[in-house]
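Participant: I am attaching a structure below and will ask some questions about it afterwards.
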Amino acid sequence: MSEALPFLLIFKYMKRTTFLFAWLMIGLYGRSQIKTLKELTDTSDTGWEVVRELLPKATNKVEILPRDSARANQAVYQSQLAVQTTLGAVEYMTGGIMIDGGWIRIIGSGSPRLPRSLPEWNKGKSVSGYGHEAGFYLVADDVLGGFFALNWGGLDTKDKGKVFYLAPDDLQWESTGNGYGEFLEFCFSGDLKQFYKGLRWKNWHQQADTLSGNSAFYIMPPLWSAEGKDIEKDERHAVPIEEIYSHTLALQRQVLKQ
C-alpha cells in the first residue's frame, strides 16, 4: 500500500466531518455565517442606552427582571441579535421587563417570573430554528392574550421595522406605528389606560401581578365576539401562553376564511 494512501483517507475523513458539522450548524441556525458571542456582545455602543434614558421618565410601573448571565449569553447566541440593537440589548441585559405589574410582558433572556427567552419563544412561530431569518419577531405579550411583534416584512411589506399588535378583540395584526425603541417608550410612559380601554376589569392589578409570565387569561365569551364585550361579566381562566397563541392563530385563520 502506498504511504500516501493513509494520509489521503484521513484528509477525506476530515473533509467529510467538517462538511457534516457545517451542515448541522446551518440546519440549527439557518445561516452559514454564525456570529460568535464575542462579536454579538463585545461593544461599548449598545442599545441599552435607549432603555437607560427612558427609565427615569417612566410614568407606568416598570420592573426590570434580573438576568442570568448564562441564559443571556445563550439567548443572544441563539437569536444572533447584537447588543448594538435595542432589541438585542433588552434580550442580553434583562430577564424580561414587566409593565404595569405584569399586564404587559416584554421578553428578554428569561427569568423565574418570565421563563421565556426571545429565541425560545419565537422558535416554531416566527422562525423554524435558532438564528433563522424571520419575517417578524414576537417581542412582548399581555395578560389578555394580545401579542406584540416586530415586523420585518412578514406581517406587512410597508411597515417594516414597526411593532404590530395582534389584538384579542379583533384577531388582526395592526401596526402601532412605533419602532422597537418607541414601543418601549410607549410601554414605559404611554397611556395604557386608553390603549386598553374597556379591557380592564376592577381587580385586574391583583390578577395580573400573580399571573405566571408563561400564562395569559383565556376569556369567555371571547373578546372578539358580540357576547364578550363586557369585560366585567366575562370569565377568565389562566392558560399557558403557548396555547393562547396557537388558539388565536387558528381563530384568525377561521375569521379570514369567512
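Participant: For K233, which aspartates and glutamates qualify as cross-link partners when the Cα separation must be under 18 Å and same-chain residues fewer than eight apart are set aside?
Facilitator: The qualifying aspartates and glutamates are D169.
Participant: Give me the number: length gained by fully extending Q254 to T157, i.e. 0.36 nm times residue separation minus the C-alpha to C-alpha distance, one decimal in nm. Don't skip to the end; give the middle numbers.
Facilitator: Values: separation 97, 0.36 × 97 = 34.92 nm, distance 2.29 nm.
That works out to 32.6 nm of additional length.
Participant: Positive end of the dipole of the chain, charges at C-beta (+1 Lys, Arg; -1 Asp, Glu), about the Cα centre: which of A82, P222, G181 has its Cα farthest in that direction?
Facilitator: A82
Participant: Taking amide H positions as placed in the peptide plane 1.01 Å from N, state which residues far from Y218 in sequence (5 or more) or on other chains have amide H under 5 Å from it.
Facilitator: Those qualifying (amide H under 5 Å, at least 5 residues apart or on another chain) are H237, A238, V239.
Participant: Looking only at the range 154-184, which residues have a backbone nitrogen under 17 Å from a spot 7 Å from the Cα of K229 in the C-beta direction?
Facilitator: Answer for the range 154-184: 168-171.
Participant: Against the globular-protein guess of 2.2 N^0.38 Å, express the Cα radius of gyration of the chain as a ratio, rounded to two decimals. Present the calculation step by step, with values, prior to reporting the outcome.
Facilitator: On the way: Rg = 21.6 Å, N = 258, 2.2 N^0.38 = 18.1 Å.
Normalised Rg, Cα atoms only: 1.19.
Participant: Under the rule of -39500 (n - 2.57) per DSSP H run of 4 or more residues, summed and divided by the residues of the chain, what mean residue ellipticity at 222 nm is obtained, to the nearest 500 deg cm²/dmol? Walk me through the intermediate numbers first.
Facilitator: Numbers: 10 runs with 100 residues, N = 258.
Computed mean residue ellipticity for the chain: -11500 deg cm²/dmol.
Participant: Charges at C-beta only: +1 for Lys and Arg, -1 for Asp and Glu. How large is the resulting dipole of the chain about its Cα centre, in Debye rounded to 20? Before the final figure, lay out the partial values.
Facilitator: Details: 28 positive and 30 negative charges, 131 e Å.
Once rounded to the nearest 20, the dipole reads 620 debye.
Participant: Another question, if that's okay. For the pairs K162/K229; K61/K229; K202/K229, flag any whose C-alpha to C-alpha distance is greater than 18 Å.
Facilitator: Violating the 18 Å Cα-Cα cut-off are K162/K229; K61/K229.
Participant: Take each of the peptides 64-71, 75-82, 53-60, 132-139, average the number of other beta-carbon atoms within 10 Å over its residues, and list them starting from the highest.
Facilitator: Working: 64-71: 14.8, 75-82: 22.6, 53-60: 12.1, 132-139: 19.2.
Peptide ranking by packing, descending: 75-82, 132-139, 64-71, 53-60.
Readers should treat all values here as calculations from the given coordinates under stated rules, not as data from a laboratory. Computed from a predicted model, the values in this text were never measured in an experiment. No Cβ is skipped: glycine too gets one built from the backbone with ideal geometry, and neighbour counts run over all protein chains shown.
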